[in-house]
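Novice: Let me begin by handing over the structure; questions about it come next.
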Amino acid sequence: MTKFLSIERLQASYGKAQALFDISLEVSEGEVITLLGRNGMGRSTTVNCLFGLLPTLGGTIEVRGASVTTQPSYRIARLGLALVPEGRQVFPNLTVAENLVATARVGNTKQGLWTLERVYKFFPRLQERCRNLGSQLSGGEQQMLAIGRALMTNPNLLVLDEATEGLAPVIRQEIWHALGELKKEGLSQIVIDKNVKALLGLADRHYVIEKGRTVWEGSSEQLRATPEVIEQYLGV
């Protein structure tokens, strides 16, 4: 598979407090990977660096072999990266339809073009609520909207930070099903979530982050075969 994203020895800090010390990972085209770890270990910080939201101290970030380490967020987005942020962050005073078209772009993907009609077909509930404001939606509907908004940028890589956090079980199942369908279409994904069982069924490979370092990587089969990794780095 062709490599789409490569991060090597990434370092970053918040002021004088260093948060990332040595993060390395890669994503091939059509591949789904996860970032696993307890809260505060550097998963979201890695995502912030990837999207140019936090400057790096060291290391490299490359998209299709070209460095984006110091690029501004809008240039990184134009390369085909889309973020579904933690907390969803939909525009509360815009309607569902307005949220979806606000940042839409044609993009250059191998998958079919994402349009308003296609998003509504993918998430029928959004069509039902298309005239409602973002603030009037349930948490699950907001997450669908956040995913739909990201898809409307026609990305090559979809990044989800806390994909199902705080959602009802039935909505979680809808989200996992949606991500599975996107995988079938060949959309690369980075998924952060606490539901290891669901992630094992979805992802091709996993990266475990502990105190700002990549401490383990492997396939779903390898992670299933090493429950001690889950216990050591993900157990409460």
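Read-outs throughout are calculated quantities, based only on the coordinates presented, and are distinct from any laboratory measurement. Since the structure is predicted, the reported quantities are computational estimates derived from the model, not experimental observations. Here the Cβ is made from the backbone with ideal geometry for all residues, glycine too, and neighbour counts use every protein chain on show.
Novice: Measure nothing but the geometry: give the 0 to 90° angle between the long axis through the Cα atoms of 139-151 and the longest principal axis through the Cα atoms of the chain, rounded to 10°.
Specialist: Approximately 80 degrees, to the nearest ten.
Novice: Which of Leu202, Trp176, Gly140 sits farthest toward the positive end of the charge dipole of region 116-236, with +1 on the Cβ of Lys and Arg and -1 on the Cβ of Asp and Glu?
Specialist: Gly140
Novice: Could I ask something else about it? Can you compute the helix-only [θ] at 222 nm over the chain? Use -39500 (n - 2.57) per DSSP H run of at least 4 residues, normalise by all residues, nearest 500 deg cm²/dmol.
Specialist: Value at 222 nm, helices only, nearest 500: -9500 deg cm²/dmol.
Novice: Can you pull a Stokes-Einstein diffusion coefficient for region 14-104 at 4 °C (1.567 mPa s), Rh from Kirkwood over Cα pairs, as a whole number of µm²/s?
Specialist: 86
Novice: Between region 54-101 and region 181-227, how far is it from one alpha carbon centroid to the other, in angstrom?
Specialist: The two parts, judged by their Cα centres, are 21 Å apart.
Novice: Tell me which trypsin sites (Lys or Arg not before Pro) from region 4-92 have a DSSP coil assignment and no more than 11 other beta carbons within 10 Å of their own.
Specialist: Passing sites in region 4-92 are Lys16.
Novice: Treating only the Cβ atoms of Lys and Arg (+1) and Asp and Glu (-1) as charged, compute the dipole magnitude of region 3-233 about its Cα centre; round to the nearest 20 debye.
Specialist: With only Lys, Arg, Asp and Glu charged at Cβ, the dipole is about 460 debye.
Novice: Please arrange Glu181, Glu29 by how many other C-beta atoms lie within 10 Å of their C-beta, fewest to most.
Specialist: Starting with the residue having the fewest Cβ neighbours, the order is Glu181, Glu29.
Novice: With a cut-off of 12 Å, note down the residues of region 1-42 whose backbone N falls inside the zone around a label point 7 Å from the Cα of Thr60 toward its beta carbon.
Specialist: Under cut-off, by backbone N: 6-10.
Novice: Of Leu81, Thr214, Val106, which is farthest on the positive side of the dipole of region 3-233, counting Cα position, with +1 on Lys and Arg Cβ, -1 on Asp and Glu Cβ, and the Cα centre as origin?
Specialist: Of the candidates, Val106 comes out farthest on the positive side.
Novice: Dipole magnitude of region 1-135 about its Cα centre, charges +1 at Lys/Arg Cβ and -1 at Asp/Glu Cβ only, in debye to the nearest 20?
Specialist: Dipole size: approximately 280 debye.
Novice: For Lys194, give me every one of the aspartates and glutamates with a C-alpha distance below 14 angstrom, ignoring sequence neighbours fewer than eight places off in its own chain.
Specialist: The reachable aspartates and glutamates, counting only those whose Cα sits under 14 Å from Lys194, are Glu86, Asp161, Glu162, Glu165, Glu231.
Novice: Which whole-number percent of Cα pairs in the chain have a distance greater than 22 Å?
Specialist: 51
Novice: Further question: Counting only DSSP beta bridges with both residues in the chain, what percent are antiparallel, rounded to the nearest 5?
Specialist: 60
Novice: Order these by the 10 Å Cβ neighbour count, fewest first: Leu5, Leu116, Leu20.
Specialist: By the 10 Å Cβ count, ascending: Leu116, Leu5, Leu20.
Novice: Right, another one. Suppose each label sits 7 Å from its Cα in the direction of the beta carbon; what would the Glu98-Asn195 distance come out to in nanometres?
Specialist: 3.2
Novice: Also: Please report the orientation-averaged projected area of region 115-205, defined via the convex hull of its C-alpha atoms, in nm².
Specialist: 5.8
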